[in-house]
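Accompanying notes for the structure given below.
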Amino acid sequence: MKVINLFAAPGIGKSTSAQILTGLLSIGGYRVEYVPEFAKFQTFSGNQAALSDQVYMFAKQENRLHVFKDQEFDFVVMDGPLPIALLYTPETYFKYYEPLVMEVFSSFDNVNFFLDRNPSYEHKKHGRIQDRAQSDALSLRLEAILSRHKVPLTREMVRPQLPLVLYEALTGAKPPSLEDLA
């Protein structure tokens with residue numbers, strides 16, 4: 001099972017791209033599952049206690065992935081890759097938390113894409129607490145975390161064709177078209 005990690009700051013279009021990619025892979029005949037970002041549900045519900053407990057947030061997201069580990073999937077598309085939990089960790093947090101997150105992350109067969117904001121797109125605030133400037137600052141922090149841990153990734157700009165580009169990069173095949181559904 002390959003874990004497809006879409007890394008991006010909030011409001012860039014990661015969830016939309018992940019959902020479309022999952023659908024394309026399914027239509028293409030691959031066994032695929034989508035793992036939504038647990039933190040987004042907590043944001044919608046206003047669950048500040050959960051959002052401030054990074055061990056809990058990480059465990060909930062990891063458990064979603066862990067459930068699929070022994071299943072017969074070709075791909076699992078992660079809307080909230082495990083290292084994103086590190087973006088919201090206070091500097092005075094448990095000293096072994098970051099190494100734990102990265103060790104668990106590294107235990108999976110990961111394919112990593114870093115999604116850059118398309119400057120012509122509006123920042124999507126729905127389901128987020130960050131404005132565009134805060135999102136851009138988180139993007140820089142995320143890049144630094146991934147670089148520090150030498151996480152290999154491919155950069156792509158968010159655009160309408162992105163799920164098609166990712167499909168081809170993952171499978172080596174052209175993505176299915178609407179005619180394939182008939």
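Go through the range 14-24 and count every residue that is under 22 Å from VAL151 (Cβ atoms) and in contact with a helix residue (DSSP H, G or I) (Cβ under 8 Å, 6 or more places away or on another chain).
Within the range 14-24, the first condition is being under 22 Å from VAL151 (Cβ atoms), and the residues that meet it are 14-15, 17-18, 21-22.
Filter once more, keeping what is in contact with a helix residue (DSSP H, G or I) (Cβ under 8 Å, 6 or more places away or on another chain): 15, 17, 21.
Final tally of qualifying residues: 3.
How many residues does the range 7-51 hold that are modelled with pLDDT of 90 or more and of a type in the set (A, V, I, L, M)? Selection size over the range 7-51: 9. Can you name every residue in the range 35-50 that is farther than 13 Å from MET78 by Cβ and in a helix (DSSP H, G or I)? Within the range 35-50, PHE41, GLN42, THR43, PHE44, SER45, GLN48, ALA49, ALA50 qualify.
On the stretch given as the range 169-179, residues that are surrounded by fewer than 17 Cβ atoms within 10 Å (Cβ to Cβ) and either within 25 Å of PRO83 (Cα to Cα) or of a type in the set (Val, Ile, Thr) (or both) total 2. If the condition is being closer than 13 Å to LEU25 by Cβ, in a loop (DSSP other than H, G, I, E, B) and in contact with a helix residue (DSSP H, G or I) (Cβ under 6 Å, 6 or more places away or on another chain), then the range 140-182 contributes PRO175, PRO176.
Within the range 51-94, restricting attention to residues that are assigned to a helix (DSSP H, G or I) and among the hydroxyl-bearing types (Ser, Thr, Tyr), which residue is farthest from the chain's Cα centre (by Cα)? If you could, list the steps in order and put the result at the bottom.
Taking the range 51-94 as the starting set, the residues that turn out to be assigned to a helix (DSSP H, G or I) are 51, 54-68, 82-88.
From what's left, among the hydroxyl-bearing types (Ser, Thr, Tyr): 56, 88.
Working: TYR56: 18, TYR88: 15 Å.
Filtering first and then ranking leaves TYR56.
Of the residues making up the range 82-99, those that are modelled with pLDDT under 95 and buried (at least 23 other Cβ atoms within 10 Å of the Cβ) are ILE84, ALA85.
Cβ separations smaller than 7 Å between residues 6+ apart or across chains give the following pairs from the range 106-132 residues that are in a loop (DSSP other than H, G, I, E, B) to residues that are among the hydroxyl-bearing types (Ser, Thr, Tyr) and modelled with pLDDT under 85: GLY127/THR43; ARG128/THR43; ILE129/THR43. Exactly one residue out of GLN54, GLN42 is without any contact (Cβ under 8 Å) to a residue 24 or more places away in the chain, at negative phi and crowded, with 17+ Cβ neighbours inside 10 Å, and it is GLN42. All told, SER135 falls short of being of a type in the set (S, T, N, Q) and without any contact (Cβ under 8 Å) to a residue 24 or more places away in the chain. Of all residues in the range 17-34, none satisfies being small (Gly, Ala, Ser), closer than 24 Å to ASP116 by Cα, out of contact with any Leu (no Cβ under 9 Å at 6 or more places or on another chain) and part of a loop (DSSP other than H, G, I, E, B). Among the numbered conditions (1) within 18 Å of PRO152 (Cα to Cα); (2) surrounded by fewer than 22 Cβ atoms within 10 Å (Cβ to Cβ); (3) touching a helix residue (DSSP H, G or I) at 6+ places or on another chain (Cβ under 9 Å), the only one that ASP79 does not meet is (2).
The values are calculated or read from the model by the stated rules, or taken from the named source; none is laboratory data. What you see is a predicted model; the values in this text were computed from it and never measured. In this analysis, Cβ positions are derived from the backbone assuming ideal geometry, glycine residues included, and neighbour counts consider all displayed protein chains.
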